[in-house]
Amino acid sequence: MKVLVTGGAGFIGSHVIDGLRAAGHSVAVIDDLSTGSRDNLPADVPLHVADICDEQAVRRIVAEERPDAICHQAAQMSVSRSVREPAFDARVNCLGMIHVLSAAAEIGCRRVVFASSGGVLYGEVTSPAAEDTPADPMSPYGITKWVGERYLGFFAREHGIAAVALRYSNVYGPRQNPHGEAGVVAIFLNRLLTGQAATINGDGRYVRDYVYATDVARANILALTASADTIRPGSVVPVNIGTGIGVDVVGLERHVRAALSTCRGEATLPAPVHGPARPGDLRSNLVDPSRAAQVLGWRPEVRLDDGLLRTARSFADRAAARG
């Protein structure tokens, strides 16, 4: 199978690429490299440097590659940026997605997997939310992910596409960009590796569900390759991808510090400091991954402590290589 991965040079997309290649599939990538990097990809993976907001470029690339399936990872992914710049968020996450779906329909692409977000669709939930939980997005980012799922449903019905909306919880792991506003694990590690204290927003009692990047990549591959009896043409199957286990940011920072201390052999790292709360942040959000097990045969395999240790080692190795 040939798969075109939008945002494939980014954090999650590059792990999807690795998994697809390991499974013997052919791949190509669209990425504008605004947050992704060519270094995240094997040298022989075709990379089209283009913005999904450029409709003509997307149509040309999709027509050239003619993929059997599209894995749509490209997005504006910062909640706080969406609050500050809702028009930019909508342009990337709504219009960009329409461009991708229109191009897919033009060539008769039969399968689309969309990176949605359980972490923003369900609003404030204190117990793991199932997929039938009413959507209650509280930020422009959440709104555009919900709208994206509605557009996915429209294109699936109109063009006979088999579609899956993977509703991620908070994803972490190697290659996450530490310089943006999303990705608290990467941000904490980057600060600690430069001798600075991690900054916890507000009181830090924001509960989240953290899922490891290779587990998320595996979910994408299962969704891309599931049989037509499982993922039927003309409809969208929403599937939560998370652990159902909540950790607040104060506890997460403590786990991150412990992981980095273990892999670097340092007994003491700077204690955290607290900064102002971020607008748009939910107090609690968890997802129930039961449907993923039923529909895709997917379960999270990497425990938080193990995933944080792997991530800390990756970040420490990269820091050492840079000197």
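Given the criteria over 22 Å from Val250 (Cβ atoms) and either among the basic types (Lys, Arg) or buried (at least 23 other Cβ atoms within 10 Å of the Cβ) (or both), does Leu189 qualify? So Leu189 does not fit the description; no.
Could you check segment 100-125 and list, in sequence order, the residues that are crowded, with 24+ Cβ neighbours inside 10 Å and of a type in the set (S, T, N, Q)? Within segment 100-125, Ser116, Ser117 meet the criteria. Every condition in (1) surrounded by 24 or more Cβ atoms within 10 Å (Cβ to Cβ); (2) touching a Leu at 6+ places or on another chain (Cβ under 6 Å); (3) of a type outside the set (Phe, Trp, Tyr) holds for Leu166 except the one numbered (2). Residues that are under 26 Å from Arg21 (Cα atoms): find the strands (runs of 3 or more DSSP E) completely inside segment 146-227 holding 2 or more of those. By residue number, 162-168, 170-172, 207-212. In segment 63-76, the condition of being free of Cβ contacts under 8 Å to residues at least 24 places away in the same chain and in contact with a helix residue (DSSP H, G or I) (Cβ under 9 Å, 6 or more places away or on another chain) is met by no residue. Here the condition is being of a type outside the set (Gly, Ala, Ser) and part of a strand (DSSP E or B); of Val92, Val120, Val113, Val100, it holds for Val113 alone. For the residues Glu158, Glu124, the requirement of being under 20 Å from Val211 (Cβ atoms) and of a type in the set (Asp, Glu) singles out Glu124.
The set of residues in segment 77-89 being in a loop (DSSP other than H, G, I, E, B), touching a residue at least 40 places away in the same chain (Cβ under 8 Å) and either surrounded by fewer than 23 Cβ atoms within 10 Å (Cβ to Cβ) or of a type in the set (D, E, K, R) (or both) consists of Ser78 alone. Name the single residue, out of those in segment 65-76 being small (Gly, Ala, Ser) and out of contact with any Gly (no Cβ under 6 Å at 6 or more places or on another chain), that is surrounded by the most Cβ atoms within 10 Å (Cβ to Cβ). Per the stated criteria, the residue is Ala75.
Taken over segment 127-145, residues that are part of a helix (DSSP H, G or I) and either among the β-branched types (Val, Ile, Thr) or over 15 Å from Cys94 (Cβ atoms) (or both) amount to 2. Within segment 281-305, restricting attention to residues that are out of contact with any Lys or Arg (no Cβ under 6 Å at 6 or more places or on another chain) and without any contact (Cβ under 8 Å) to a residue 40 or more places away in the chain, the residue that is nearest to Val211 (Cα to Cα) is Arg303. When the helices (runs of 4 or more DSSP H) confined to segment 243-323 are screened for residues that are farther than 30 Å from Ala130 by Cβ and outside the structural domain of Gly123 (by TED's automatic domain parsing), those reaching at least 2 such residues are found at 249-264, 304-322. Looking only at segment 22-52, residues that are surrounded by 16 or more Cβ atoms within 10 Å (Cβ to Cβ), under 24 Å from Ser116 (Cβ atoms) and of a type outside the set (Gly, Ala, Ser) come to 12 in all. In the set (1) under 22 Å from Ser127 (Cα atoms); (2) part of a helix (DSSP H, G or I); (3) under 21 Å from the mean Cα position of the chain (by Cα); (4) in contact (Cβ under 8 Å) with a residue 24 or more places away in the chain, Val239 fails one condition alone, (2).
The values are calculated or read from the model by the stated rules, or taken from the named source; none is laboratory data. The model shown is predicted, which means the values in this text are computed figures rather than measured ones. So basically every Cβ, Gly included, is an ideal-geometry build from the backbone, and we count neighbours across all protein chains shown.
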